[in-house]
Amino acid sequence: MLCVLKSLVSALVCVFWCVIGWAADDPSGWQLVWQDEFDGKALDLSRWEFEVNAAGGGNNELQYYITDNAQVKAGRLFIEARKEHYSGPQGTRNYTSSRIRTRFKGDWKFGRFDIRARLPKGRGMWPAIWLLPTDNPDENTLFPQAMAVDYVRVYRKKE
């Protein structure tokens, strides 16, 4: 009897998640308020801004975030991490990348977020897509104090 009950609960949970997944795929009832298909020749700075710094994002990151490592090509945004020596006002790093955000250019309290992304492969990489509050009192305050939501985060260990 206990085995049958467990199977029934498992089946109901499966049906519940399948219905939730189906409902989320139905666009009726949703109103599109913002999108970027990256169909221009450069990043649309009316929608995005670059975060330029060597602060490490609160994670002791080794790269300097600069504007040169983001490109728009063929309807896609490419953000490249490079092993290169770079010096700026906040110091010197041996790696560079780009970090972009919609701060003060697109703010939402509730909604559905559809994101297509291909994440990099390689040991030591830590790509992420975060939802951060605009009114974060201190840009260096990260989760959990800033109430950030990790939409996507992949960590590949160094070996």
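The values are calculated or read from the model by the stated rules, or taken from the named source; none is laboratory data. Remember, it's a predicted structure, so these values are computed and weren't measured experimentally. Methodologically, a virtual Cβ is constructed for each residue, glycine included, from the backbone with ideal geometry; neighbour enumeration extends over all protein chains shown.
Details
- Qualifying positions in region 61-107 - touching a Gly at 6+ places or on another chain (Cβ under 7 Å) and of a type outside the set (A, V, I, L, M, F, W, C): Y64
- Residue in region 45-53 that is over 21 Å from W126 (Cβ atoms), touching a Gly at 6+ places or on another chain (Cβ under 8 Å) and at pLDDT below 95 present: yes
- All conditions but one from (1) modelled with pLDDT of 70 or more; (2) in a loop (DSSP other than H, G, I, E, B); (3) charged (D, E, K, R) apply to D150; the one that does not is (2).
- Among the candidates A70, A74, the residue that is surrounded by 15 or more Cβ atoms within 10 Å (Cβ to Cβ), out of contact with any helix residue (DSSP H, G or I) (no Cβ under 9 Å at 6 or more places or on another chain), of a type in the set (G, A, S) and modelled with pLDDT of 85 or more is uniquely A70.
- Single residue of D68, D44 found to be of a type in the set (D, E), in a loop (DSSP other than H, G, I, E, B) and touching a residue at least 12 places away in the same chain (Cβ under 8 Å): D68
- Candidates F78, F50: the one that is hydrophobic (A, V, I, L, M, F, W, C) and touching a Ser or Thr at 6+ places or on another chain (Cβ under 8 Å) is F50.
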